[in-house]
Structure formats: C-alpha cells, structure tokens
Amino acid sequence: MTKFLLAVHVLAAIVAIGPVTVAASMFPPAARRALAAPDDARASETVRLLHRICQVYAAVGLAVPVFGFATAGAMGVMGDPWLIASIVLTVLAAGVLLVLVLPRQEVLVEGTGERETTVRLAMFTGVFNLLWATVTILMIVRPGSTTGA
C-alpha cells in the first residue's frame with residue numbers, strides 16, 4: 001500500500017504542480033505583451049488561459065498533500081524533521097500561490113493591472129517555484145533515506 005500511495009503522491013505532484021509552475025512562470029511575460037498591445041485579442045486570450053490553468057491545477061494540487069500525508073503515515077515518518085520542513089514549505093508555497101500570485105493574475109486578466117504588477121507577480125512566482133523546488137529536493141534527498149541515493 002505504501003508504494004501505491006507514494007506513486008499516486010508523486011504522480012499528483014508531477015501532474016498538478018508542474019503545470020502551475022510552468023503556467024505561472026509564463027504568465028508575467030504574457031501579461032506584459034497583453035498590456036503592450038491592448039487590442040491584441042490573442043494576447044488577452046493567452047493571459048486568460050494561463051490564469052485558468054493556474055487556478056484549475058492549484059485545485060487539483062490539493063491531492064499532493066493529501067496523498068503525501070497518507071504516504072508519510074504509511075511510512076511512519078510523520079515526525080521526521082525533513083517531512084516537517086517539507087510541510088511548512090508546502091504551506092508557504094500554497095500561501096504564496098493563493099495570496100500573492102493568483103490575485104495579481106486576476107487583476108491583470110481583468111485588465112486593471114500595470115507593468116509594475118507583472119514585475120511583482122514575476123517575483124512572487126519565482127518565490128513559489130523556489131519553494132516547490134526545495135520541497136522536491138527534500139523529498140528526493142531526505143535524511144535517513146532508505147533508497148541508497
């Protein structure tokens with residue numbers, strides 16, 4: 001059962017978090033293009049699509065910690081420091097996404113943002129991506145790993 005839970009956890013992370021990090025990273029430059037050419041319908045559509053991808057996959061991403069907790073419980077590592085650090089970083093990443101990234105994307109989708117908004121958004125997106133990269137590294141190179149890696 002542990003291997004199944006771990007496989008679902010990893011697949012959920014790849015399928016859900018991957019698209020959010022990519023779409024969120026693509027959003028600020030796309031928004032700058034849309035701001036520079038307000039009559040370009042394709043640029044506006046791209047911005048809306050990237051925002052929608054971020055919203056949908058953020059919701060799908062809830063499966064990652066759900067299966068992560070199930071996996072950690074099955075493996076008996078719930079109190080391990082590397083896991084606690086990963087949980088804290090995951091909560092921070094979710095907070096950055098929900099409080100700093102998605103609302104600024106929404107402002108730009110509505111057409112009320114400015115170039116300065118895209119600069120801040122790019123910074124917050126970078127923080128979000130850095131947090132997820134750190135969690136991924138902790139999951140791969142966790143102290144006391146039995147994988148031999």
Exercise. How many residues does the stretch 67-76 contain that are open to solvent by 60 Å² or more (accessible area, probe 1.4 Å) and touching a residue at least 24 places away in the same chain (Cβ under 8 Å)?
Worked result: 2
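I'd like to check something: does the stretch 77-89 contain any residue that is open to solvent by less than 70 Å² (accessible area, probe 1.4 Å), of a type in the set (A, V, I, L, M), in contact with a Ser or Thr (Cβ under 8 Å, 6 or more places away or on another chain) and at pLDDT below 95?
Of the residues in the stretch 77-89, the ones open to solvent by less than 70 Å² (accessible area, probe 1.4 Å) are 77, 79-80, 82-83, 85-87, 89.
Pick out the ones that are also of a type in the set (A, V, I, L, M) and you get 77, 83, 85, 87, 89.
After this cut, where a residue has to be in contact with a Ser or Thr (Cβ under 8 Å, 6 or more places away or on another chain) as well, the list is 89.
With the extra rule that they be at pLDDT below 95, the set shrinks to none.
The answer is no, given that none of the residues of the stretch 77-89 is open to solvent by less than 70 Å² (accessible area, probe 1.4 Å), of a type in the set (A, V, I, L, M), in contact with a Ser or Thr (Cβ under 8 Å, 6 or more places away or on another chain) and at pLDDT below 95.
Go through THR2, THR21, THR46 for me and flag whichever is over 30 Å from GLU114 (Cα atoms) and either more than 14 Å from the chain's Cα centre (by Cα) or modelled with pLDDT of 95 or more (or both). Steps first, answer last, please.
Values: THR21 fails: over 30 Å from GLU114 (Cα atoms); THR46 fails: over 30 Å from GLU114 (Cα atoms).
On inspection, the qualifying residue turns out to be THR2.
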Exercise. Across the stretch 95-118, which residue is nearest to ALA85 (Cα to Cα) among those that are open to solvent by less than 100 Å² (accessible area, probe 1.4 Å) and charged (D, E, K, R)?
Worked result: ARG104
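Please go through the stretch 37-54 and pick out each residue that is surrounded by fewer than 17 Cβ atoms within 10 Å (Cβ to Cβ) and part of a helix (DSSP H, G or I). Explain how you work it out, then say what you get.
Here is the first cut: in the stretch 37-54, the ones surrounded by fewer than 17 Cβ atoms within 10 Å (Cβ to Cβ) are 37-42, 45, 48-49, 52.
Residues satisfying the conditions are ALA41, ARG42, GLU45, ARG48, LEU49, ARG52.
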Exercise. Among (1) of a type in the set (S, T, N, Q); (2) under 14 Å from the mean Cα position of the chain (by Cα); (3) at pLDDT below 90, which single condition is THR112 missing?
Worked result: (2)
Exercise. Here are some residues: ALA63, ALA59, ALA24, ALA13. Which one is small (Gly, Ala, Ser) and within 14 Å of LEU108 (Cα to Cα)?
Worked result: ALA24
Exercise. Which residue, of LEU130, LEU121, is open to solvent by less than 40 Å² (accessible area, probe 1.4 Å), modelled with pLDDT of 95 or more, under 18 Å from MET26 (Cα atoms) and under 17 Å from the mean Cα position of the chain (by Cα)?
Worked result: LEU121
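The values are calculated or read from the model by the stated rules, or taken from the named source; none is laboratory data. The structure presented is a predicted model; accordingly, all values stated were derived computationally and were not measured. Virtual Cβ from ideal backbone geometry, glycine too; neighbours counted across all protein chains shown. These area figures cover heavy atoms from the full protein model, side chains too; ligands, DNA and RNA do not enter into them. Shrake-Rupley method; radii C 1.70, N 1.55, O 1.52, S 1.80 Å.
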